[in-house]
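K.L.:
First the structure, then my questions, so here it is.
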Amino acid sequence: LKGLGKLDEAVASFHKAISLKPDYAEAHNNLGNALKDLGKLDEAVASYHEALAIKPDYADAHFNLGNALQDLGKREEAFACRRRAVSINPQNDLFWAGLASSLETLSFASIDDNLYQDLLHLLERPTVHPSYVIRPIISALRHHPDFSRIVELTGSGKPEIGFNYGDVAEQLSAIPLFLRMLELSPIYDLDIERMLTVLRHAMLEETIEGKIEKKVLPFSTALSLHCFTNEYVFPETDEEKEAVEQLQQQIAALVEKQRDVPPSLVASLGAYRPLYGFPWSRELSEREWTGGIGDVIERQISEPLKEQSLRSQIPRLTSIDNTVSQSVREQYEENPYPRWIKTGIRDKGRAIGAVLQMAPLRLDLGDYESPESPEILIAGCGTGQHALITASRFSNARVLAVDLSLSSLSYALRKTNELGFSNIEYAQADIMELGGLGRQFDLIECSGVLHHLGDPLAGWRVLVDLLRPGGLMMIGLYSETARQDIVSGRALIAEKGYTASPEDIRQCRQKFIDMTKDGNPMMAKICSIIDFFSLSECRDLLFHVQEHRFTLPQIKSALKSLKLEFLGFEMSDQSMMRKFKETYPKKNALTSLSQWHKFELKNPDTFKGMYQFWCKRI
């Protein structure tokens, strides 16, 4: 009955089961799940506690209790319950994904002996997207005495501060959680950015002077991987530029003479420049390397070379004649967006309807019937994260993922091959020209793309025509209300004449950071956005060649003209969803864009990422 959505009848059946067998823990747990789906969270919590009183090591009940507590906004308690679930059953990737979601807005006031190890395991799980848990991990690391002391030591950001790089790097090399975080993702924290900028400079100086010891290599190689991933977003001095040139000449000479190249030289240069850009890179990649420096060679040389070889395998479905499309393509050829190492892959796909009707979405799909083998279009797939998440989210899916940029598509194809997905087809195409594709889709997802077209509504109409009647669409659009800080930032960029060159982006970022230190609230908001912390994402955020922003009344009008029914928002921050429900408790309020508009005007950060919403073709 619960599976059929007949929740009240399901609750009655579970109560009957419990009356017949009161000590049946599974029945209490299942009752809790049905009550949770009815929105009766306090009653659900009580049912899970009943299950755990009977069966204390019942992992599913601990996890489900965590889910209910999370929906109640009790994140710390939710984290503790989900952590207990993974300790009982560490092989369940669904549990790890839930643990990560309860972490996202947590800041640790204290830590216990096992927390660092648990967080390290968390980073390795396939269902966990590292970028979502970076900030809570940093809050935990700030309780580590060596880590917090080094952050304080480097806090001024001035390279002339006296300290021994070898000693500091050795201490950081003894914190595996920090090293792994460096290897997997940009770090969204200005204090840590200052620390890494200072340490990178010190590493370069000591490398040039020949002082680097083997004991510092774990940190040095992690820093080299980190800088490659954030695309060298850190500022650098003229002195550093000269030293980098000297370093690359030193490596070139060693390679030419067929001599060994010390790993410290490779790590230091890789922390300032992508190694694949040098003429000697291929020869270096053909040598035998071990340990962390082997990872640097793989990530910075072998993988980019692989992407270059994949470009010719990607078909072109349409011409790209539109001048705006050509400018956007050029941006993403130079800066494929985003560079990523690991993304969160679902442990088990489900039917489209099942996914959209379960928590946290709980959309009312009416008479919608899920196709058995859905054909899905990802319009604007970037470097592949979106396509992979969708392909793992929905069962038996066949995905066509298109993008303007061959650099982005070749990155996506490499990652897809590495992860063993065979149900995604990549192609180069312009959304504006897709009308002649000759195919229709059960589901079309287009997130963060339409607002970069010359005419977003025209592009949206092309996509609607590719959607089967009754088919579903997920759209992501920038909010005019939530993006006022970005509008201010873009105005300042225009006023100062910054271009989208890497050097200008670095200078502009430093200007924004300095203004944040001086107390400018708009700049502080920009400097807190995760896209600020890598070069391609910062370019996409602040320097995009084309950007439109929308209001909810405009979206309501567009949906009407396109004959699309609004189904509801997909929100990563469920606290805003809870606040909306408290303000507008009637169930139909969730699909009222007029009421959401009133709510957003009073809560302007509600859609600070984007409006992400689902709709259905009428």
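The values are calculated or read from the model by the stated rules, or taken from the named source; none is laboratory data. The structure displayed is predicted, hence computed values, not measured ones. Using ideal geometry, Cβ is built from the backbone for each residue, glycine included, and neighbour counts are taken over all protein chains shown. The protein model used for the area step is the full one, side chains on, heavy atoms only, and it has no ligands, DNA or RNA in it. Shrake-Rupley method; radii C 1.70, N 1.55, O 1.52, S 1.80 Å.
K.L.:
Please pick out the residue among Glu283, Glu256, Glu288, Glu303 that is within 28 Å of Phe533 (Cβ to Cβ) and either of a type in the set (D, E, K, R) or out of contact with any helix residue (DSSP H, G or I) (no Cβ under 7 Å at 6 or more places or on another chain) (or both).
P.N.:
Glu303
K.L.:
Filtering the stretch 215-259 down to residues that are without any contact (Cβ under 8 Å) to a residue 24 or more places away in the chain and of a type in the set (Lys, Arg), which residue is surrounded by the most Cβ atoms within 10 Å (Cβ to Cβ)? Give the derivation first.
P.N.:
Just the residues of the stretch 215-259 that are without any contact (Cβ under 8 Å) to a residue 24 or more places away in the chain, to begin with: 238-239, 241-242, 245, 249-250, 253-254, 257-259.
Filter again for of a type in the set (Lys, Arg), leaving 241, 257, 259.
On the way: Lys241: 11, Lys257: 8, Arg259: 9.
Going through the qualifying residues, I end up with Lys241.
K.L.:
Only one of (1) over 30 Å from Arg578 (Cβ atoms); (2) in contact with a Gly (Cβ under 8 Å, 6 or more places away or on another chain) is not met by Leu363, so which one is it?
P.N.:
With respect to (1) over 30 Å from Arg578 (Cβ atoms); (2) in contact with a Gly (Cβ under 8 Å, 6 or more places away or on another chain), Leu363 is out only on (1).
K.L.:
With (1) surrounded by fewer than 19 Cβ atoms within 10 Å (Cβ to Cβ); (2) of a type outside the set (Lys, Arg); (3) in a helix (DSSP H, G or I); (4) without any contact (Cβ under 8 Å) to a residue 40 or more places away in the chain as the list, and Met523 as the residue in question, which single condition is left unmet?
P.N.:
(1)
K.L.:
Out of the stretch 19-37, which residues are open to solvent by 50 Å² or more (accessible area, probe 1.4 Å) and of a type in the set (A, V, I, L, M, F, W, C)?
P.N.:
Residue satisfying the conditions is Leu20 alone.
K.L.:
Tell me which of these Phe532 doesn't satisfy, since it passes every other one: (1) open to solvent by 30 Å² or more (accessible area, probe 1.4 Å); (2) under 22 Å from the mean Cα position of the chain (by Cα); (3) within 30 Å of Ser102 (Cβ to Cβ).
P.N.:
(1)
K.L.:
Check Val86, Val11 and return the single one that is under 30 Å from Glu369 (Cα atoms), at pLDDT 95 or above and in a helix (DSSP H, G or I).
P.N.:
So the residue among Val86, Val11 that is under 30 Å from Glu369 (Cα atoms), at pLDDT 95 or above and in a helix (DSSP H, G or I) is Val11.
K.L.:
What are the residues in the stretch 465-479 that are in contact (Cβ under 8 Å) with a residue 60 or more places away in the chain and open to solvent by 10 Å² or more (accessible area, probe 1.4 Å), if any?
P.N.:
Passing the criteria: Arg468, Pro469, Gly470, Met474, Tyr478.
K.L.:
Answer yes or no as to whether Cys446 is part of a loop (DSSP other than H, G, I, E, B) and on the phi < 0 side of the Ramachandran plot.
P.N.:
No; evaluated as a whole, the condition is false for this residue.
K.L.:
Filter the stretch 93-116 down to the residues that are touching a residue at least 60 places away in the same chain (Cβ under 8 Å) and of a type outside the set (Gly, Ala, Ser), then identify the one that is surrounded by the fewest Cβ atoms within 10 Å (Cβ to Cβ).
P.N.:
Thr105
K.L.:
Would you say Leu106 is modelled with pLDDT under 95 and either over 24 Å from the mean Cα position of the chain (by Cα) or in a loop (DSSP other than H, G, I, E, B) (or both)?
P.N.:
Here the answer is yes, as Leu106 does meet what is asked.
K.L.:
Please specify each residue of the stretch 160-204 satisfying the condition of being open to solvent by less than 20 Å² (accessible area, probe 1.4 Å) and charged (D, E, K, R).
P.N.:
Hits for the stretch 160-204 are Glu193, Arg200.
K.L.:
Contact list please: Cβ distance under 9 Å, first residue in the stretch 57-84 and of a type in the set (Asp, Glu), second residue in a loop (DSSP other than H, G, I, E, B), pairs at least six apart or on different chains.
P.N.:
Close Cβ pairs satisfying both conditions: Asp60/Asn89; Asp60/Asn92; Asp71/Gly39; Asp71/Ala359; Asp71/Pro360; Glu76/Leu106; Glu76/Ala109.
K.L.:
Then there's this: Could you please find all residues in the stretch 367-381 being free of Cβ contacts under 8 Å to residues at least 60 places away in the same chain and under 18 Å from Gln428 (Cβ atoms)?
P.N.:
Cys381
K.L.:
Run Glu206 past the list (1) acidic (Asp, Glu); (2) touching a residue at least 12 places away in the same chain (Cβ under 8 Å); (3) under 26 Å from Ala524 (Cα atoms) and report the number of the one that doesn't hold.
P.N.:
(3)
K.L.:
Show the residue pairs meeting these rules: Cβ distance below 7 Å; 6+ apart or different chains; first residue within the stretch 332-344 and touching a residue at least 12 places away in the same chain (Cβ under 8 Å) and farther than 11 Å from Gly384 by Cβ; second residue hydrophobic (A, V, I, L, M, F, W, C) and not in a loop (DSSP other than H, G, I, E, B).
P.N.:
As it stands, the answer is Glu333/Leu406; Asn335/Leu535; Ile341/Leu184; Lys342/Leu184; Gly344/Ala97; Gly344/Ile389, since those pairs meet every condition given.
K.L.:
Another question, then. Starting from residues that are in a helix (DSSP H, G or I) and either of a type in the set (A, V, I, L, M) or touching a Gly at 6+ places or on another chain (Cβ under 9 Å) (or both), keep the ones in the stretch 537-573 and report whichever is surrounded by the most Cβ atoms within 10 Å (Cβ to Cβ).
P.N.:
Leu552
K.L.:
Anything in the stretch 431-442 that is in contact (Cβ under 8 Å) with a residue 12 or more places away in the chain and either in contact with an Asp or Glu (Cβ under 8 Å, 6 or more places away or on another chain) or open to solvent by 30 Å² or more (accessible area, probe 1.4 Å) (or both)? List them, or say none.
P.N.:
Met432, Glu433, Gly435, Gly436, Leu437, Arg439, Gln440, Phe441, Asp442
K.L.:
Restricting attention to the stretch 67-78, does a residue exist that is aliphatic (A, V, I, L, M), more than 30 Å from Met195 (Cα to Cα) and open to solvent by 40 Å² or more (accessible area, probe 1.4 Å)? Can you show your working first?
P.N.:
Of the residues in the stretch 67-78, the ones aliphatic (A, V, I, L, M) are 68-69, 72, 78.
Adding the requirement that they be more than 30 Å from Met195 (Cα to Cα) leaves 68-69, 72, 78.
Filter again for open to solvent by 40 Å² or more (accessible area, probe 1.4 Å), leaving 72.
Looking for residues that are aliphatic (A, V, I, L, M), more than 30 Å from Met195 (Cα to Cα) and open to solvent by 40 Å² or more (accessible area, probe 1.4 Å), one finds at least one in the stretch 67-78, hence yes.
K.L.:
Tell me the residue from Ala51, Ala44, Ala80 that is of a type in the set (A, V, I, L, M, F, W, C), under 27 Å from the mean Cα position of the chain (by Cα) and assigned to a helix (DSSP H, G or I), please. First the steps, then the outcome.
P.N.:
On the way: Ala51 fails: under 27 Å from the mean Cα position of the chain (by Cα); Ala44 fails: under 27 Å from the mean Cα position of the chain (by Cα).
Only one candidate qualifies: Ala80.
K.L.:
Within the stretch 316-328, can you find the residues that are touching a residue at least 12 places away in the same chain (Cβ under 8 Å), of a type outside the set (Val, Ile, Thr) and open to solvent by 60 Å² or more (accessible area, probe 1.4 Å)?
P.N.:
Arg316, Leu317, Asp321
K.L.:
Within the stretch 585-604, track down each residue that is modelled with pLDDT of 95 or more, open to solvent by 40 Å² or more (accessible area, probe 1.4 Å) and not in a helix (DSSP H, G or I).
P.N.:
If the condition is that a residue be modelled with pLDDT of 95 or more, open to solvent by 40 Å² or more (accessible area, probe 1.4 Å) and not in a helix (DSSP H, G or I), then Pro604 is the only one that fits.
K.L.:
For the stretch 398-421, what are the residues that are over 21 Å from Gln326 (Cβ atoms) and of a type in the set (A, V, I, L, M, F, W, C)?
P.N.:
Of everything in the stretch 398-421, those that are over 21 Å from Gln326 (Cβ atoms) and of a type in the set (A, V, I, L, M, F, W, C) turn out to be Val399, Leu400, Leu413, Leu419, Phe421.
K.L.:
In the stretch 340-393, what residues are of a type in the set (Phe, Trp, Tyr) and within 16 Å of Leu567 (Cβ to Cβ)?
P.N.:
Tyr368
K.L.:
Of the conditions (1) open to solvent by 30 Å² or more (accessible area, probe 1.4 Å); (2) part of a helix (DSSP H, G or I), Tyr498 satisfies every one except a single condition; which number is it?
P.N.:
(2)
K.L.:
Let me ask another. Of the residues Lys40, Lys16, only one is at pLDDT below 95, farther than 26 Å from Glu369 by Cα and open to solvent by 50 Å² or more (accessible area, probe 1.4 Å); which? Show your work before the answer.
P.N.:
Values: Lys16 fails: at pLDDT below 95.
Lys40 is the lone residue from the list that is at pLDDT below 95, farther than 26 Å from Glu369 by Cα and open to solvent by 50 Å² or more (accessible area, probe 1.4 Å).
K.L.:
Another one. Is it true that Glu124 is among the charged types (D, E, K, R) and buried (at least 20 other Cβ atoms within 10 Å of the Cβ)?
P.N.:
Criteria not met by Glu124.
K.L.:
Determine if the stretch 453-461 includes at least one residue that is in a loop (DSSP other than H, G, I, E, B) and either hydroxyl-bearing (Ser, Thr, Tyr) or under 30 Å from Thr516 (Cα atoms) (or both).
P.N.:
Looking for residues that are in a loop (DSSP other than H, G, I, E, B) and either hydroxyl-bearing (Ser, Thr, Tyr) or under 30 Å from Thr516 (Cα atoms) (or both), one finds none in the stretch 453-461, hence no.
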